[in-house]
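**Q** Supplied in structure tokens, the structure appears directly below.
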Amino acid sequence: MNRKQRQVLGLSLALFALGSILLAACGSTPTGNGGGSENCGNGTVHTLSTTFQESCVNVAKGSNLQVVPVAQSLHILVNGSWVNGNQVPMQEAGAPTVNNVQETSSPVSIGPFTTAGTYHIFCTVHPNMNLTVIVK
Ligand SMILES: [Cu+2]
């Protein structure tokens, strides 16, 4: 093996090693996030000053969702979502009515959620304050 062949071999090995590291890094990220079901609470969602602490929450069918303030701040909750900076009120079939439920410093209870499905709630006070409720 001459010097040039060794250099090519060395470069190939370096590229292969780099590729493996990148693949491993990319491969582990989605798994670490639970494959898309990011940051879901169980039965309870917490509110910070202008956001939900958890972007989604799992609720057992027939149960209520508990909304618990961590920071004191007025939130007004309704069915629907913020989409591209606009409020889009929308009550999915099977969703309990969430009509201007106010929460400031005490927990509130929403529901019961009697039908399995995925529902959306947003806060009319804070742009992009969206919550996904998954009922199973
Ligand atoms: Cu809010």
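**Q** So, counting K/R as plus one and D/E as minus one, what does the shell of residues with Cβ under 13 Å around Gln66 add up to?
**A** -2
**Q** Leaving out ligands, DNA and RNA, and with a 1.4 Å probe, what % of the accessible surface on the stretch 38-136 is carbon or sulfur?
**A** 50
**Q** Okay, moving on. Taking Cα pairs under 8 Å and at least six residues apart, what relative contact order does the stretch 61-109 come out at, in percent?
**A** It rounds to 51 percent for the stretch 61-109.
**Q** Okay, moving on. Using alpha-carbon pairs under 8 Å, 6+ residues apart, how would you state the relative contact order of the stretch 79-136 in percent?
**A** Answer for the stretch 79-136 is 37 percent.
**Q** Now for a separate question. Provide the gained length on full extension for the span Thr114 to Met90, in nm with one decimal, where the gain is 0.36 nm per separating residue minus the Cα-Cα distance.
**A** 6.9 nm
**Q** Shifting gears a bit: Measure off 7 Å from each Cα along the Cα-to-Cβ vector at Asn99 and Ser55, then give the distance between these two points in nanometres to one decimal.
**A** 3.1
**Q** On full extension of the chain, what length is gained from Asn64 through Ser106, given 0.36 nm per residue of separation minus the C-alpha to C-alpha distance?
**A** Extra length from Asn64 to Ser106 when fully extended: 13.5 nm.
**Q** Calculate the all-directions average of the projected area of the stretch 64-110's alpha-carbon convex hull, and give it in nm².
**A** 3.7
The values are calculated or read from the model by the stated rules, or taken from the named source; none is laboratory data. Everything numeric here is computed off the predicted structure, so don't read it as measured data. Don't worry about glycine lacking a Cβ; one is built from the backbone with ideal geometry, like all the others, and counts go over all protein chains shown. Note: areas computed on protein heavy atoms with side chains; ligands, DNA, RNA excluded. Shrake-Rupley method; radii C 1.70, N 1.55, O 1.52, S 1.80 Å.
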